[in-house]
Amino acid sequence: MSVVFVTGSNGQLGSEIRKLAAFYPQFSFRFTDIDELSITDEVAVRTEFEKWLPEYCINCAAYTAVDRAETDIDTCRLINATAVQYLAKASIDYGSKLLHVSTDYVYDGTKNSAYIETDATNPQSTYGLTKLEGEELAMAYNPETLIIRTSWVYSSFGNNFVKTMMRLMKERDNLNVVGDQVGSPTYAKDLADAIIQIIVKSKVSVENWQPGIYHFSNEAEVSWFDFAVAIKEEIGSSCAVNPIPTSAYPTPAKRPMYSLMDKSKFVATFQIPLQPWKNSLQACINLLPQ
């Protein structure tokens, strides 16, 4: 039975993969997080690969505290870059297919049309820079790596924008949300399902494993304000949601102003359709306490 090794399994994406795993008995999933395995320990990583001999490794682990990363640079780089190098080296040495999850923060956000995978990267934050370094190290040490850049991830698990908005809309009469940053939300369950479908397809035929960089999110072009308004409508909140410029909400880390990504390469390569963002938002909210 093929072993699928999943790092960062207690995060949003890892938790969604864990939930879906029960529907794929043809795979033996090995879920790990910091309590079981520190991927920043190269010896420990290689020991796990030697023990389990995974056919696939899905790296969901990441340092995602975007603002804290600006002062915690070393830890951020260790998790987002150095640890990816360790996974890439172990995966190629033990014959594993590595799927690594990255971010829209590798772009500077100055484009006025959807980013394609060959567009120049120019991260504006420590988080984005270290995630780009992780991509580069993955490809350098294992050219067969498959990288998925995603954006605005939310889920019924963990902490995220959707849960925060739902809580604040219960607590406040008015809410200000940035209206000039544009991108696309990603329901982690949809990404988890897509990742497992890629693995299933590659198990049927090795030719279906297509290394390289791909974009994935739900179908949308929205601002954070638009996203918040949709959440408000979905839960029937009476809270007033007001758009504000990024300049009115300064943060330690600079966010890309426009990070919409073109997903046509992903769809054409893997023949996996994308879900409309409002349908996915509704599905997620239906799982959450109102």
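Quick check on my link table: of Lys201/Lys254; Lys201/Lys232; Lys170/Lys278; Lys51/Lys201, which ones sit more than 29 Å apart, alpha carbon to alpha carbon? Show your work: numbers first, answer last.
Numbers: Lys201/Lys254 38 Å; Lys201/Lys232 38 Å; Lys170/Lys278 21 Å; Lys51/Lys201 25 Å.
Pairs exceeding the cut-off: Lys201/Lys254; Lys201/Lys232.
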Per-q log10 I(q)/I(0), the chain, q = 0.07, 0.09, 0.11, 0.12 Å⁻¹ (Debye; single scatterer per alpha-carbon; no solvent): -0.25, -0.42, -0.63, -0.75
Solvent-accessible area per residue, Å², over segment 229-270 with all protein chains present [probe radius 1.4 Å]: 51 Å²
Cα long-axis angle, helix 126-141 against the chain (0 to 90 degrees, to the nearest 10): 20 degrees
Probe 1.4 Å - accessible area at Arg255, Å² to nearest ten: 60 Å²
Computed helical MRE - 222 nm, the chain, DSSP H runs ≥ 4 contributing -39500 (n - 2.57), nearest 500: -11500 deg cm²/dmol
Accessible area of segment 89-132 divided out per residue, in Å², using a probe of 1.4 angstrom: 37 Å²
Residue of Ser96, Ser38, Ser259 that the Gaussian network model of the chain assigns the largest fluctuation, springs spanning Cα pairs under 10 Å: Ser38
Taking the chain and dividing mean pair separation by its residue count, relative contact order in percent (alpha carbons under 8 Å, at least six apart): 20 percent
Accessible surface, segment 1-74, averaged per residue in Å² (probe 1.4 Å): 48 Å²
Helix 188-204 axis, angle to the chain major axis (alpha carbon atoms, nearest 10°): 30 degrees
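Please list the three semi-axes, largest first and in whole Å, of the ellipsoid equivalent to segment 93-219, using sqrt of 5 times the eigenvalues of its alpha carbon gyration tensor.
Values: eigenvalues 183, 73, 33 Å².
Equivalent ellipsoid semi-axes, largest first: 30, 19, 13 Å.
Please compute the Kirkwood hydrodynamic radius of segment 199-273 from all pairs of different C-alpha atoms, in Å with one decimal. Don't jump to the answer; show the numbers that get you there.
Details: mean 1/r = 0.0623 Å⁻¹.
Mean inverse Cα-Cα distance, inverted, gives 16.0 Å.
What percentage of the solvent-accessible surface of segment 157-290, computed with a 1.4 Å probe over protein heavy atoms, is contributed by carbon and sulfur atoms? Before the final figure, lay out each step's value.
Numbers: 3130 of 6320 Å².
Carbon and sulfur atoms account for 50 percent of the accessible area of segment 157-290.
Percent of accessible area on segment 1-40 owned by carbon and sulfur, 1.4 Å probe?
Values: 930 of 1780 Å².
Its accessible area is 52 percent carbon and sulfur atoms.
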GluC sites (Glu not before Pro) lying in DSSP loop within segment 186-290, provided at most 16 other Cβ fall within 10 Å: Glu221
Ranked packing of 119-127, 279-287, most packed first, by mean Cβ within 10 Å: 119-127, 279-287
Furthest towards positive pole of dipole, Pro54, Val43, Gln26, structure part segment 3-108, Cβ charges: Gln26
Fraction in percent of alpha-carbon pairs per bin - 10 Å, segment 21-147: 13, 41, 32, 13, 1
Thr251 accessible area, 1.4 Å probe, all protein chains in place, Å² to nearest 10: 50 Å²
Rounded to 10°, Cα long-axis angle of helix 42-52 versus longest principal axis of the chain: 70 degrees
Highest-MSF residue in the chain out of Cys57, Cys239, Cys76 [GNM, Cα springs under 10 Å]: Cys239
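Provide the percentage of antiparallel DSSP beta bridges, counting only those with both residues in segment 141-290; round to the nearest 5. Could you put the intermediate results ahead of the total?
Numbers: 2 of 15 bridges.
Antiparallel bridges: around 15 percent, rounded to the nearest 5.
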Computed accessible area, Glu171, all protein chains, 1.4 angstrom probe, square angstrom: 120 Å²
Residue among Pro252, Pro143, Pro54 with the largest mean-square fluctuation in a Gaussian network model of the chain, springs linking Cα atoms under 10 Å: Pro252
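Can you sort Asp193, Asp93 by 1.4 Å-probe accessible area, starting with the largest?
Working: Asp193 45, Asp93 90 Å².
Sorted by accessible area, descending: Asp93, Asp193.
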Nearest-0.05 FRET efficiency for Thr246 and Lys170, computed from C-beta distance (R0 30 Å): 0.70
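The values are calculated or read from the model by the stated rules, or taken from the named source; none is laboratory data. Just so it is clear, the structure is predicted and the values come from calculations on it, not from any experiment. Cβ atoms come from the backbone with ideal geometry, glycine included; neighbour counts cover every protein chain shown. Just so you know, the surface numbers come from the protein's heavy atoms only, side chains and all, with ligands and any DNA or RNA stripped out. Shrake-Rupley method; radii C 1.70, N 1.55, O 1.52, S 1.80 Å.
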